[in-house]
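Colleague: One structure is given below, represented as structure tokens, and several questions about it will come after.
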Amino acid sequence: MTFAVGTLVRARGREWVVLPDSDDTMLVLQPLGGTSDEIAGVIPDLEHVESATFPPPTVADLGDARSARLLRDALRLGFRASAGPFRSFGQINVEPRPYQLVPLMMSLRLDPVRLLIADDVGTGKTVSTLLVAAEMLAQGKVKRLAVLCPPHLATQWQDEMRSRFHLDAAIVLSSTASRLERGCQVGETLFDRHDITIVSTEYIKSDRRRSEFLRTAPELVIVDEAHTCAFDGATKGGRQLRHELLTGLAADPNRHILLVTATPHSGNEQAFRSLIGLLDDEFGNLPDDLSGEKSRRHRERLAQHMVQRRRGDLRQYLEVDTPFPERDETEVSYQLTAEGRALFDAALEYAREVVRDTATDKRRQRMQWWSIVALLRSLASSPAAAIDTLTKRSIASDAADASEADRLGRQHALDLGDEEGEEFDDETGGGVVEDAGQQVTKSSKLGNLRKLAEAMSGAKDAKLTGLIDIVGQLLKDGSNPIVFCRYIPTVDYYADALAKVSGHRGARRQRQDPVVRTCRDRRRTR
């Protein structure tokens, strides 16, 4: 039997439409409701193919008027969006603001698409970026997509992609990679198997994983927090590895790259040039002075690949008002209770005693120094963080010499973050100094500090009681407050305390009001 082009047929347990490339020996079929990726060739002499038939409707198929209106409205909205210049708009669950369409319009002029989207914080850079990605997928310019981001932002990207753009992405973290790899066939990587992935930059930057990713990386790569990948040639460590990863990706002249950051320029000119050099090799050699008529062509060339706007530029864009929330800053002081004063006095006296100790070698002196820094920083956060520090072994205890003790101590105790190319650490530093391999012991002074911290916790903590009052007032005003904390023990401490207070609606550590998060999350929501 010969089937005409456009005929509906049934084969392999489903209905298909016959495509123009079919002939008498082989039918090229696309499943009803399917995409072009599911097109298959079927040989009628080997497989059973028959005309598709559908039973007439029955009374049981009747729906109510509400369902009919929903179906009608969905069809209308879909057709209206699909009739525009962008193929993807009929399949997304967001109505972009006019200014968010600018990166999409810019991408249509580029091949390959290399963009730096550097709009201000809170202006919707994620939506702007995913509009470009969704359109490229809908047009068939790319079939695979990867988002590189810090690990703590992976679930946020996944939620945004699924809820607003109907893109199901597999999250590749150090904790999920092994499970994903178990589903791969022999010789197949998880990037071969999953067309859309969200990858931890910290996981993929190592030499072994980087090589595999460069070999199997998709055609489109989105890099969130791209400023952490800029490299000035001086600072080594994580920043250098991230830059080497992106340099390898950019080496493919056909790869599309979208860089996303709210802070493209940190004041380090060399680092900024390394970032824009990923868009075009020539950008790394731009003149130092881009002002004046003589550099107009350089500015115009860079403007084709970079968009950066502040909130003030977007509040009234193309006669559309965008009401961004205003920042209302204030400082609230508090007086230490007697218990709090006793703890701080004892901690300062202990710190003076430790740092004045010159009877030990240089290595141990540096270990003790960093243990004191960790203790004082955690003490300023909360009694819970102080207690946690007083029961943990100092990370500097693993140092082989004084310089390594400084390196370990700085990395853990100081807020180096992006400046040093390291991930922000929201765990407390250890305050107990013991040499590697020895059992951690509790001196009487550390034990006394812990007892004082326990006595200060709860109602005797003036900082906590002040926070409860502030959060309570914000909730009465109809706000949904977020409490940012430096350390994870502080998060748990405040969240539990707020949850116990009547009227605070069950404070949690995530996604329920009031939300309590670490400072690591603050970089995303600041």
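FYI, it's all coordinate maths here, none of it is from the lab. Everything quoted here is computed from the prediction, not taken from an experiment. Counting neighbours? That spans all protein chains shown, and the Cβs are built from the backbone with ideal geometry, glycine included.
Colleague: Could you grab the relative contact order for the chain? Cα pairs under 8 Å, six or more apart, rounded to a whole percent.
Modeller: On the way: 781 pairs, mean separation 54.2, N = 526.
Computed over the chain, the figure is 10 percent.
Colleague: Let me ask something additional. By the scheme Lys and Arg +1, Asp and Glu -1, what is the net charge of all other residues having a beta-carbon under 13 Å from that of Leu137? Working shown, then result.
Modeller: Values: positive: Arg87, Lys141, Lys143, Arg144; negative: Asp37, Glu135, Asp168, Asp195, Glu219.
Charge balance in the 13 Å sphere: -1.
Colleague: Just to confirm a number: summing +1 for Lys and Arg and -1 for Asp and Glu over residues other than Val332 whose beta-carbon lies under 13 angstrom from that of Val332, what do you get?
Modeller: On the way: positive: Lys463; negative: Asp328, Glu329, Glu331, Asp469.
Charge balance in the 13 Å sphere: -3.
Colleague: Moving to a separate point now. Could you tell me which of Val42, Gly277, Val5 has its Cα farthest along the dipole of the chain towards the positive end, charges placed at Cβ (Lys, Arg +1; Asp, Glu -1), taken about the Cα centre?
Modeller: Most positive-ward Cα: Gly277.
Colleague: Quick one: if you stick a label point 7 Å off each Cα along the C-beta vector at Asp252 and Arg208, how many nm between them?
Modeller: Distance between the two pseudo-spin positions: 2.3 nm.
Colleague: So which GluC sites (Glu not before Pro) in region 23-132 end up in coil per DSSP with only 14 or fewer other C-beta atoms within 10 Å?
Modeller: Glu47
Colleague: A further question on this structure: Once the Cβ-Cβ distance between Thr58 and Gln30 is put in as r, and R0 is 45 Å, what FRET efficiency do you end up with, to the nearest 0.05? Kindly include the intermediate steps, with their values, before the conclusion.
Modeller: On the way: r = 29 Å, r/R0 = 0.64.
FRET efficiency, Thr58 to Gln30: 0.95.
Colleague: Within region 6-113, list the trypsin sites (Lys or Arg not before Pro) lying in a DSSP loop whose Cβ has at most 16 other Cβ atoms in a 10 Å radius.
Modeller: Details: sites: Arg10, Arg12, Arg14, Arg66, Arg69, Arg72, Arg76, Arg80, Arg87, Arg109; in loops: Arg12, Arg109.
Hits after loop and neighbour filter: Arg12, Arg109.
Colleague: Here's another thing I want to ask about it. Would you mind classifying region 87-321 by shape? Square roots of the alpha carbon gyration tensor eigenvalues, ordered a ≥ b ≥ c; an a/c under 1.5 is rounded, otherwise it is prolate if a/b is larger than b/c and oblate if not.
Modeller: Working: a/c = 1.79, a/b = 1.21, b/c = 1.48.
Oblate, because a/c is 1.5 or more while a/b does not exceed b/c.
Colleague: Counting other C-beta atoms within 10 Å, and keeping those with at most 15, which DSSP coil trypsin sites (Lys or Arg not before Pro) do you find in region 216-316? Let's see the in-between values first.
Modeller: Details: sites: Lys236, Arg239, Arg242, Arg255, Arg273, Lys294, Arg296, Arg297, Arg299, Arg301, Arg309, Arg310, Arg311, Arg315; in loops: Lys236, Arg255, Arg309, Arg310, Arg315.
Answer by residue number: Lys236, Arg309, Arg310, Arg315.
Colleague: Thr465 versus Arg109, label points 7 Å from Cα toward the beta carbon: distance in nm?
Modeller: Placing both labels 7 Å along Cα→Cβ, they lie 6.2 nm apart.
Colleague: Beyond 26 Å between alpha-carbons counts as too far, so tell me which of Lys392/Lys445; Lys125/Lys205; Lys463/Lys500; Lys125/Lys500; Lys392/Lys463 fall in that bin. Don't skip to the answer; put the middle values down first.
Modeller: Working: Lys392/Lys445 15 Å; Lys125/Lys205 24 Å; Lys463/Lys500 16 Å; Lys125/Lys500 37 Å; Lys392/Lys463 24 Å.
With Cα atoms farther than 26 Å apart: Lys125/Lys500.
Colleague: Taking the Cα centre of the chain as the origin and placing charges on Cβ (Lys, Arg +1; Asp, Glu -1), which of Met456, Pro264, Gln240 is farthest toward the positive end of the dipole?
Modeller: Going by the charge dipole, the pick is Met456.
Colleague: OK, next. Given a Förster distance of 25 angstrom, what is the FRET efficiency for Leu75 paired with Lys143, based on the Cβ-Cβ distance and rounded to 0.05? Working shown, then result.
Modeller: Numbers: r = 28 Å, r/R0 = 1.10.
About 0.35, to the nearest 0.05.
Colleague: Let me ask you something else. Calculated FRET efficiency, Arg299 and Arg87, Cβ-Cβ r, R0 41 Å, to nearest 0.05? Can you show the working numbers first?
Modeller: Numbers: r = 32 Å, r/R0 = 0.79.
Calculated transfer efficiency: 0.80.
Colleague: Oh, and also: Phe484's amide H: which non-local residues (gap 5+, or another chain) put their own amide H closer than 5 Å, with H modeled 1.01 Å from N in plane and none for Pro or chain starts?
Modeller: Hits under the 5 Å cutoff: Arg517.
Colleague: Right, something else. How large is ³J(HN,Hα) for each residue in region 445-457, as worked out from phi by the Karplus curve 6.51 cos²θ - 1.76 cosθ + 1.60 (θ = phi - 60°), to whole Hz, x for Gly and Pro?
Modeller: Going residue by residue, I get 5, 5, x, 5, 4, 5, 4, 5, 5, 5, 5, 7, 5 Hz, with x marking Gly and Pro.
Colleague: Follow-up question, since we're still on this one. Would you mind calculating the relative contact order of region 82-197 from Cα pairs under 8 angstrom and at least 6 residues apart, reporting the percent as a whole number?
Modeller: Values: 95 pairs, mean separation 30.4, N = 116.
Taking the mean separation of contacting Cα pairs over the length of region 82-197, I get 26 percent.
Colleague: Work out, step by step, the length gained on full extension between Thr263 and Arg341: first 0.36 nm times the residue separation, then minus their alpha carbon distance; give nm to one decimal.
Modeller: Numbers: separation 78, 0.36 × 78 = 28.08 nm, distance 4.00 nm.
So the chain would gain 24.1 nm between Thr263 and Arg341.
Colleague: On a full-extension model of 0.36 nm per residue, what is the gain between Asp168 and Ala359, subtracting their alpha-carbon distance, rounded to one decimal in nm?
Modeller: On the way: separation 191, 0.36 × 191 = 68.76 nm, distance 6.06 nm.
Length gained between Asp168 and Ala359: 62.7 nm.
Colleague: Per-residue counts of other Cβ atoms within 10 Å, averaged by peptide: what ranking do you get for 345-354, 322-331, highest first?
Modeller: On the way: 345-354: 15.2, 322-331: 7.3.
Most protected by this proxy first, the peptides run 345-354, 322-331.
Colleague: If you don't mind, there's one more thing I want to ask. So between Val5 and Asp23, what do we pick up on full extension, going 0.36 nm a residue minus the alpha carbon distance?
Modeller: Numbers: separation 18, 0.36 × 18 = 6.48 nm, distance 0.93 nm.
Gain in length upon complete extension: 5.6 nm.
Colleague: For region 105-112, take each phi angle, set θ = phi - 60°, evaluate the Karplus expression 6.51 cos²θ - 1.76 cosθ + 1.60, and give the result in whole Hz per residue in order, putting x for glycine and proline.
Modeller: After applying 6.51 cos²θ - 1.76 cosθ + 1.60, I find 5, 5, 5, 5, 9, 10, 8, x Hz.
Colleague: Quick query: amide H of His194 versus all other amide H atoms, modeled in the peptide plane; which residues come in under 5 Å with a sequence gap of 5 or more or a different chain?
Modeller: Under 5 Å from the amide H of His194 lies no amide H from a residue far enough along the sequence or on another chain.
Colleague: Between [x] -0.72, -1.38; [y] -0.44, -1.30; [z] -0.80, -1.20, which matches log10 I(q)/I(0) by the Debye sum over Cα atoms at q = 0.08, 0.13 Å⁻¹ calculated for the structure shown?
Modeller: [x]
Colleague: Taking a point 7 angstrom from the Cα of Asp313 along the C-beta vector, which residues in region 275-302 have backbone N less than 15 Å away?
Modeller: Residues 299-302 qualify, since their backbone N sits under 15 Å from the label point.
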